[in-house]
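These notes are about the structure you will find just below.
The values are calculated or read from the model by the stated rules, or taken from the named source; none is laboratory data. Nothing here was measured: the structure is a model prediction, and the numbers come from that model. Neighbour counts are summed over all protein chains in view; Cβ atoms, including those assigned to glycine, are modelled from backbone coordinates with ideal geometry. In case anyone asks, the SASA skips ligands and DNA or RNA and just uses the protein heavy atoms, side chains included. Shrake-Rupley method; radii C 1.70, N 1.55, O 1.52, S 1.80 Å.
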Amino acid sequence: MENILEVKSVSKSFSGVRACENASLSIKRGSVTSIIGPNGAGKTSLFNLISGAISPDSGSILFNEIEIAKKHPHQIARLGLVRTFQGAKVIRRLSVMENILLAAQHNPGDHLWRVVTPRVRKRFEDEARERALELLKQVGLTSFVDSYAGILSGGQRKLLDLARAMMAQPTMLLLDEPFAGVNPALVEKLVEVLQSLKAKHDLTFLLVEHDLETVMNISDEVYVMAQGTVIASGLPNSIYDNEVVIDAYLGTRRKSN
Ligand SMILES: Nc1ncnc2c1ncn2[C@@H]1O[C@H](COP(=O)(O)OP(=O)(O)O)[C@@H](O)[C@H]1O
Ligand SMILES: [Mg+2]
């Protein structure tokens, strides 16, 4: 199975507005794939469809050959497909460790949680804490473990968000604008962290991102969306030279910036 994710002709409308129209993607296992496109192109909607936040009007989404189009986000996450959000939220008055442990809290299932013995519970919490520490180390936040999350910079919050997503032990991560609002020095650091997490955990990445330079640097493949549909895909270089893309995306970008 070369492709970990297959999105086939997915459509979704919101009271007449076509957010996605016959959008298709094939994501190779172990790759970094980026989706670019102007505002309103349907990128976030496509992420919402893949992660189960909304379900498509038509089309199919296969993750490891399992149909997930009608599944709930927690079911999809349990299969190993986890997303982070545009504008990562942290609870400022909790510590970095507490923020990351919140993500693991419900793992055994709430109904089970009530009947487990204190000893089992303690073992689960110790194990979660250990894993959290290891992940915080992998993203470079060890020195902030006990700090309030509120003191973290925008870039550091993205690192925390990554560690938090990793608590679910995903095989594939969907990252919505991971570099937005991060200062350029930290973008490089973030890219390094993504690459080392990818190597360590055999991850596949799908990102939506506006920072074209970074997209071109880190992606194995790029998809371009406009008006709800995929208008081009290929190697980063081929995208840059594609007339249709320049018109639909780079053109608008030039106008809007
Ligand atoms: N929940 C929603 N309700 C109504 N319209 C929506 C909703 N989500 C997205 N849309 C519309 O779908 C289109 C695509 O939006 P979006 O997926 O956010 O694009 P992008 O992330 O590429 O900027 C836009 O026209 C947007 O207004
Ligand atoms: Mg968006």
- request: State all residues of the stretch 27-58 that are away from ligand 1 (no atom under 12 Å from the Cβ) and open to solvent by 40 Å² or more (accessible area, probe 1.4 Å); if no residue qualifies, say none.
  value: 28, 29, 55, 57, 58
field: the stretch 13-26, residues that are in a strand (DSSP E or B), open to solvent by 10 Å² or more (accessible area, probe 1.4 Å) and near ligand 1 (Cβ under 8 Å from one of its atoms)
entry: 14, 17, 18, 19
statement: Scanning the stretch 183-214 residue by residue, those surrounded by 22 or more Cβ atoms within 10 Å (Cβ to Cβ) and within 16 Å of ligand 2 (Cβ to nearest atom) turn out to be 206, 207, 208
task: Could you tell me whether residue 173 is modelled with pLDDT of 90 or more, within 16 Å of ligand 2 (Cβ to nearest atom) and outside any helix (DSSP H, G or I)?
output: no
- request: Report yes if some residue within the stretch 132-147 is among the hydrophobic types (A, V, I, L, M, F, W, C), within 16 Å of the chain's Cα centre (by Cα) and either within 16 Å of ligand 2 (Cβ to nearest atom) or in a helix (DSSP H, G or I) (or both); otherwise report no.
  value: no
- prompt: What is the one condition in (1) in contact (Cβ under 8 Å) with a residue 24 or more places away in the chain; (2) out of contact with any Gly (no Cβ under 6 Å at 6 or more places or on another chain); (3) more than 19 Å from residue 234 (Cβ to Cβ); (4) within 14 Å of ligand 2 (Cβ to nearest atom) that residue 60 does not satisfy?
  reply: (4)
query: What is the one condition in (1) more than 16 Å from ligand 2 (Cβ to nearest atom); (2) surrounded by fewer than 19 Cβ atoms within 10 Å (Cβ to Cβ); (3) part of a strand (DSSP E or B) that residue 4 does not satisfy?
result: (2)
- request: Considering only the stretch 186-227, state which residues are within 20 Å of residue 77 (Cβ to Cβ) and either in contact with an Asp or Glu (Cβ under 6 Å, 6 or more places away or on another chain) or modelled with pLDDT under 95 (or both).
  value: 208
task: Go through the stretch 63-98 and give me each residue that's of a type outside the set (Gly, Ala, Ser), in contact (Cβ under 8 Å) with a residue 60 or more places away in the chain, open to solvent by 20 Å² or more (accessible area, probe 1.4 Å) and within 16 Å of ligand 1 (Cβ to nearest atom).
output: 83, 85, 86
- prompt: Are any residues in the stretch 150-170 open to solvent by 30 Å² or more (accessible area, probe 1.4 Å), under 16 Å from residue 81 (Cβ atoms) and in a helix (DSSP H, G or I), and if so, which ones?
  reply: 164
